[in-house]
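A.B. asks: If you scroll down you'll find the structure; I have some questions about it.
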Amino acid sequence: MTLFDLVIRSMRKNIKHYYLYFFALIFSVVLYFVFATLQHDQSVSDRSGGSMGAAFQVAGILLIVIAGIFVVYANAIFLKRRSREIGLYQLIGLPKRKVARLFIIENVLLSAGALVVGIGAGMLVSRLFLLLLMKLVGHEGFITLSFSLVAVVQTIVVFIAVIALTSMQMLFTVYRSSLLGLFNADKKGEQPKKPKTFVSAALALLGIGLIGFGYWLSGDMMNEWLLFNMLVVLTSTIFGTFLVFRVTINWLFYQIRSRKQGHLGLENSLSLAPLMHRMKGNANSLTVITVLSAMTLTMLAGAYSLYYSSEKASRVSMPFDFTFTNYLNEEGLSDEFAVELKAAGIDFKRASVEALDSGGFLDVSIPYWSGERNVRPSVSFYVAEQLREAGKDVEIPVKGSAVSYDLNLFLEAKPDEFPATLTITVNDIELPMQVVAVEKDGVMNRNLGGSQMVVSKETFDELQGHFVTEEDGVWTLVIETFQVLDDDQRAKASAIFMQDKYAGDVPAEYRMDYHTLNQNAIQTNGLLIFIAGFLGLVFLISTGSILYFKQMTEAEQEKQSYATLRQLGFTAKDIMRGIIRKQVFVFGLPLAIGLLHSVFATKAASFLFMSDVIVPASIAMGLYALIYLVFAFLTVGYYRKTVKAAL
């Protein structure tokens, strides 16, 4: 029998163990090939100005990192499971060199098969992926997708590197392992020691306490120590999770066994005992899976929220569809623009709003969460009555008071610090002003710059009397606002506005209107949810597969125990009850803790989003739970086959 014949026989024998690994590898190849195709496709690049290509390049790197870690980890599990087979080959006289070659050939054939199938499937579904992407970024027209030889070569090169990495892993295992170690690899377990009562109890409570502290701090991070708080929350949660898996659960298991005086019964012997024997070795992997799953869920919920809040966020930045001001040589342009809109049959509302723009030359003292600090911000004061006439629903503050419309101040300031006094110093005169509230919405398009303060007409006239000349850095502005009444006509109006003749002195990179901003946001966030969604799916499938492979290996190691139990008269149904309890723990606990982590992480990051994150977070968590449920059912099914075949 040749070496190649041995490879074929080995692959046929182990195909039942490889099918899920093969599927996950194919899925990774398909997704990477699609990303590479979209990265190099000229039509996609022309549509996005090159931004999509760069995004897909980064996404491809992240995908390879995820797939590489998964392949190496899964390969390590398979090598450990087949350690006895490696030992037998050496025992019958096969040199280590040939044993290594056998496994490398098998690995190359399996990976090459996945590569060929993955690229072929990628070619078939690339068009579908492109249609989904164009739908997400709001592109309505027809776009072609050409075959990319560069994408094929790039995919082959990248996965050849992954194959080389796993082949080196096999060489290391074969050459560095002794015969005794190979035959005893599947018998290695932990002998659970009696935990030191005080130390274990303290560490067990510390793990829970650290997670609780991280949850508490995540809800109160908005202060001058924001970045430090984020690091503390991350460190506290990760270390707490590790202690929960490494110490807390082990300590609880020992307490349960002690109360039962060692008489665990059949179900506990098949669930509690195996977990106790392997908890130390599983703590690291369970911690990593739990924490990264929580981060993935938060990323998915965040991307979903950003996408579906694009319109609202754009309207916060651009309350009016179009604006013209009198300080950028735009006088007269508003009248010409209005004439052209009427000629195009576009219905609109036009209004004038006065403003005082300090341009950053006023001394202003603002109460922040860090206490008062003197800054020289660009502050613009707007007349509330005129904003109401322009269609904005704003309150008219009493004389001497103002309402701040500033997203940054809204995020940074504590609500209980308002009303607060805003002190304006101009020409050595201090003008106190009562800021009664801070709102996150805007009342004027943010491309005009500055923090926005809304005051009454009476207060505005008083401030204007103190601002002497433009030499002091203060301008009196007249802003012409336009609001298109029919949403379907907004794109047409935007095309008129973006003509060069309406630019005035505004640099091209600063020219913006609501429709253009909203389309850019939809494209950016659509691309983000596309990439985040598929990367998250790859990650969840990879982590679920790793748990499945570990349980598959444990099932093989415990097969003799199941045979003994069957010989003693226990039915497969009796044994499966204990096994199912074990799988509830293996899949259920990381799922529950990961979901809990993601709830608090999403809540902490919710200030970044303009929409409610409950729906997207619930969808992401539901998908996560469904994927893990599928792997749990597959695992239980494999155990059932193992138990039935044990006798």
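A.B. asks: Once you sort the root eigenvalues of the Cα gyration tensor of the range 517-647 as a ≥ b ≥ c, which label holds: rounded (a/c under 1.5), prolate (a/b larger than b/c) or oblate (the other case)? List each step's numbers first, then the result.
C.D. replies: Working: a/c = 4.39, a/b = 2.92, b/c = 1.51.
Cα axes put the range 517-647 in the prolate bin.
A.B. asks: Let me ask something additional. Could you state how much accessible area Tyr514 has, in square angstrom rounded to the nearest 10, with a 1.4 Å probe and all protein chains kept in place?
C.D. replies: Accessible area, nearest 10 Å²: 10 Å².
A.B. asks: Accessible surface of Ser269 in the full protein assembly, 1.4 angstrom probe, to the nearest 10 Å²?
C.D. replies: Per-residue accessible area (Ser269): approximately 50 Å².
A.B. asks: What shape does the range 532-591 take by its C-alpha gyration tensor, where a ≥ b ≥ c are the square roots of the eigenvalues and a/c under 1.5 counts as rounded, a/b above b/c as prolate, and the rest as oblate?
C.D. replies: Details: a/c = 4.36, a/b = 2.57, b/c = 1.69.
Cα axes put the range 532-591 in the prolate bin.
A.B. asks: With θ set to phi - 60° and the Karplus curve 6.51 cos²θ - 1.76 cosθ + 1.60, what are the ³J(HN,Hα) couplings of the range 580-592 in order, to the nearest whole Hz, using x for Gly and Pro?
C.D. replies: Along the range 580-592, the couplings run 5, 4, 5, 5, 4, 6, 4, 8, x, 5, x, 5, 5 Hz.
A.B. asks: Considering only C-alpha atoms, what is the centroid distance from the range 88-139 to the range 515-587, in Å?
C.D. replies: Value for the Cα centre distance between the two parts: 21 Å.
A.B. asks: Here's another thing I want to ask about it. Can you list residues whose amide H is under 5 Å from Val435's amide H, if they're 5+ apart or on another chain and H is modeled 1.01 Å from N?
C.D. replies: Counting only residues 5 or more places away or on other chains, the set is Ala402, Ala420, Thr421, Leu422.
A.B. asks: Let me ask something else about it. Mind grabbing the accessible area of Ile614 for me, 1.4 Å probe, Å², rounded to tens?
C.D. replies: 110 Å²
The values are calculated or read from the model by the stated rules, or taken from the named source; none is laboratory data. The model shown is predicted, which means the values in this text are computed figures rather than measured ones. What goes into the accessible areas is simple: the full protein's heavy atoms, side chains included, and nothing from ligands, DNA or RNA. Shrake-Rupley method; radii C 1.70, N 1.55, O 1.52, S 1.80 Å.
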